[in-house]
Amino acid sequence: MFTKKTNFKPMKADAVVSAYKRNVLILWVLHALTVVAFFVVAAFLVTQKITLFNAFLSVMFLCVLNYLFYTGRRIQLHLLNNILNVNCDPVKFEKVFRKLSEARVNRGVCQLNIARGQYYAGKFEEALATLDAMARPKDNSMQIFLYYNVKAGCCEELGNFDRVVEIREKVKQIMPNLKDGSPALRNGQQLLTIIDGMLTFHRGSYMRAYEIYEDLFEMTSYPLSRLTVLIKLAKMDQVTGAIRSAADHCEYVLDSGGTTFYKKQAEEILALCHPRKKAEEPAAEETEEDKEDADGAE
């Protein structure tokens, strides 16, 4: 069974899918056994081998087990998010959920995760096409803010900030319908902060944008979230001349970036941070050649 400690990094996509199907099959078998147990309890009650009170307790216990097996199947699917969130491997993530989608496993969740994989792999137009083709999650779904998060990220990378503003308005329309203190409300508030960071950065208000992303960094819980924030901080540090800080952020992204498009961006930022290095190398070669020419002349 997959757990929070399961390491998906050395596993190939096919192996992950096979393990998931096996785990779900085991949980379905256990679920079926609880149904059989219900009939056994009913038979014992009819034949008066157990009392009504004991039968009631047995049924309650079986109901709890049945719910746990149902929840277990959902958790097995949810834990696959660690391929992206923890291992930062959107390429494998997309492959896994594409195979699960073909196997007709929770198509809505699979399509959204395929789009997430495409986005973090740098395939922004493909990710947008996948999102536009899928059914939009309902406002009370836990997937709705993830859907808009990926959509806003794609639009930002493609430079379509008018659409980012539209997405922000759609998110704001959902917020009043959420219960105070609910996880959904917190997710919505965090998404609004992320979008505000995108728009503030685009407008060139780097000081305010830096504050927003520093606050977001405090809220990060996964390596992927840290990469998302650090690459933004690196961009602003490079633009404002904080070269050492920008380079440090980029080094972290290069070490932990997996197969995300953040690695390419980090390399580009590093190249901007150290433009003199490349310029100094030919200069040094010319100096040595000049010395040889001078020695020959003597």
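The values are calculated or read from the model by the stated rules, or taken from the named source; none is laboratory data. If you're wondering where the values come from, they're calculated on a predicted model, not measured in any experiment. Heads up, the Cβs are rebuilt from the backbone with ideal geometry, glycines too, and the neighbour counts pull from every protein chain shown. Only protein heavy atoms, including side chains, enter the accessible area calculation; ligands, DNA and RNA are left aside. Shrake-Rupley method; radii C 1.70, N 1.55, O 1.52, S 1.80 Å.
Across region 173-190, which residue is farthest from Lys138 (Cα to Cα) among those that are part of a helix (DSSP H, G or I) and open to solvent by less than 90 Å² (accessible area, probe 1.4 Å)? If we take residues in region 173-190 being part of a helix (DSSP H, G or I) and open to solvent by less than 90 Å² (accessible area, probe 1.4 Å), then Gln190 is farthest from Lys138 (Cα to Cα).
From the residues in region 22-50 that are modelled with pLDDT under 90 and of a type in the set (S, T, N, Q), which one is most open to solvent (accessible area, probe 1.4 Å)? Among those that are modelled with pLDDT under 90 and of a type in the set (S, T, N, Q), it is Gln48.
Cβ-Cβ contacts under 7 Å between residues 6 or more apart (or on different chains), taken from a first residue in region 249-262 that is closer than 17 Å to Asn85 by Cβ to a second residue that is open to solvent by less than 40 Å² (accessible area, probe 1.4 Å) and of a type in the set (Asp, Glu), are listed as Gly258/Asp89; Thr259/Asp89.
Residues that are more than 28 Å from Gly258 (Cα to Cα) and either part of a helix (DSSP H, G or I) or not hydrophobic (A, V, I, L, M, F, W, C) (or both) do occur in region 124-137. Do we find a residue being touching a residue at least 60 places away in the same chain (Cβ under 8 Å) and of a type outside the set (Val, Ile, Thr) anywhere in region 103-115? Yes, because at least one residue in region 103-115 is touching a residue at least 60 places away in the same chain (Cβ under 8 Å) and of a type outside the set (Val, Ile, Thr). Residues in region 143-183 that are of a type in the set (D, E, K, R) and under 20 Å from Tyr119 (Cα atoms): Lys151, Glu156, Glu157, Asp162, Arg163, Glu166, Arg168. For region 50-85: of the residues being among the small types (Gly, Ala, Ser) and free of Cβ contacts under 8 Å to residues at least 60 places away in the same chain, which is farthest from Asp14 (Cα to Cα)? Ranking the qualifying residues of region 50-85, first place goes to Ala55. Among all positions in region 260-283, there is at least one residue which is in contact with a helix residue (DSSP H, G or I) (Cβ under 8 Å, 6 or more places away or on another chain), acidic (Asp, Glu), modelled with pLDDT of 65 or more and at negative phi. Among residues of region 138-168 being more than 20 Å from Ala121 (Cα to Cα), without any contact (Cβ under 8 Å) to a residue 24 or more places away in the chain and outside any helix (DSSP H, G or I), the one that is least open to solvent (accessible area, probe 1.4 Å) is Ser141. Give me a count of the residues in region 78-104 that are more than 14 Å from the chain's Cα centre (by Cα), open to solvent by 20 Å² or more (accessible area, probe 1.4 Å) and not basic (Lys, Arg). Within region 78-104, residues that are more than 14 Å from the chain's Cα centre (by Cα), open to solvent by 20 Å² or more (accessible area, probe 1.4 Å) and not basic (Lys, Arg) number 2. Residue pairs whose Cβ atoms lie under 8 Å apart, sitting 6 or more positions apart in sequence or on different chains, and linking a residue in region 207-222 that is outside any helix (DSSP H, G or I) to a partner that is among the hydrophobic types (A, V, I, L, M, F, W, C), are Thr220/Val229; Tyr222/Val86.
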